[in-house]
Amino acid sequence: MHSRIQEIRDLPLFATTSDEAFQTLTRGAYVQNFPTHAELITEGESADFLHIIISGCVELFSAWQGRETTMSFHGPDATFILAATIKDRPYLMSARTIEKSRIIMIPSEDVRAVFETDPDFAKSIVTELAGCYRGVIKASKNIKLRSSTERIANYLLKSYNALGKPKDFTLELEKRRIAALLGMTPENLSRGFAVLKEKGVSVRGQTVRITDPEGLAKFAKPNRLIDSW
């Protein structure tokens with residue numbers, strides 16, 4: 001159990017929390033392993049726990065009138081859904097694993113209690129929420145200010161650079177999830193891939209080859225006020 005508590009203590013969110021406050025936070029916390037495609041929370045339900053990803057990947061999504069869309073993806077050290085926990089409001093999104101994941105679950109009532117009494121923890125919470133807010137603004141700007149093909153180009157360019165500019169790379173997400181994340185249908189994604197052939201992009205299945213990264217970047221026009229690196 002000590003090793004599990006240390007896993008929590010080492011996370012940036014809790015680095016400056018006092019020992020007393022940290023004990024309050026972790027007295028009801030536990031770490032759980034989840035298989036792929038496990039639903040973790042459902043939108044509309046009470047925010048009983050703050051979830052923190054130790055390993056794996058989690059998709060946040062929402063559904064309405066038979067339609068479903070991806071909102072975001074999160075990896076190790078990310079929290080979800082912090083705002084609902086602090087505000088004591090229902091979840092606005094659902095969450096599920098897209099690969100085997102290890103998740104810390106901390107009772108929301110303990111998070112709120114320490115938020116009220118520990119200034120250092122409160123500062124960490126505000127910093128985390130500020131980062132989430134800026135991420136939402138960037139995602140909104142990406143969808144509202146760029147064409148679908150420009151969004152695809154920037155997504156591919158970001159993946160290409162993050163992986164060390166390989167000759168070929170594999171899309172980490174299914175195409176339908178990429179389409180939802182970028183605010184388009186799978187059909188629009190396929191059409192966008194076809195348009196980007198003239199920019200040196202070749203897509204076969206999940207494998208992508210970019211033969212003219214400079215030309216793709218010139219078309220995509222990545223911007224630090226929209227894109228995250």
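The values are calculated or read from the model by the stated rules, or taken from the named source; none is laboratory data. Fair warning: this is a prediction, and the values are worked out from it, not measured in the lab. Glycine gets a Cβ as well: all are built from the backbone with ideal geometry, and neighbour counts include every protein chain shown.
Quick notes on this one:
- Among the residues making up the range 92-127, those that are of a type in the set (S, T, N, Q) and assigned to a helix (DSSP H, G or I) are Ser108, Thr117, Ser124, Thr127.
- Of the residues examined, Ser94 is one that is modelled with pLDDT of 95 or more and touching an Asp or Glu at 6+ places or on another chain (Cβ under 7 Å).
- Filtering Leu60, Leu50, Leu40 for residues that are in contact (Cβ under 8 Å) with a residue 60 or more places away in the chain, closer than 12 Å to Thr97 by Cα and among the aliphatic types (A, V, I, L, M) leaves a single hit, Leu40.
- Residue in the range 137-148 that is over 29 Å from Lys221 (Cα atoms) and either at pLDDT 95 or above or in a strand (DSSP E or B) (or both) present: no
- Selection status of Leu40, outside the structural domain of Arg177 (by TED's automatic domain parsing) and part of a helix (DSSP H, G or I): no
- Residue pairs meeting the criteria (Cβ under 6 Å; at least 6 apart or on separate chains; first in contact (Cβ under 8 Å) with a residue 40 or more places away in the chain, in the range 202-229; second surrounded by fewer than 14 Cβ atoms within 10 Å (Cβ to Cβ)): Arg209/Asp168; Arg209/Ser202
- Verdict on Glu59 being touching a Phe, Trp or Tyr at 6+ places or on another chain (Cβ under 9 Å), surrounded by 11 or more Cβ atoms within 10 Å (Cβ to Cβ) and not in a loop (DSSP other than H, G, I, E, B): yes
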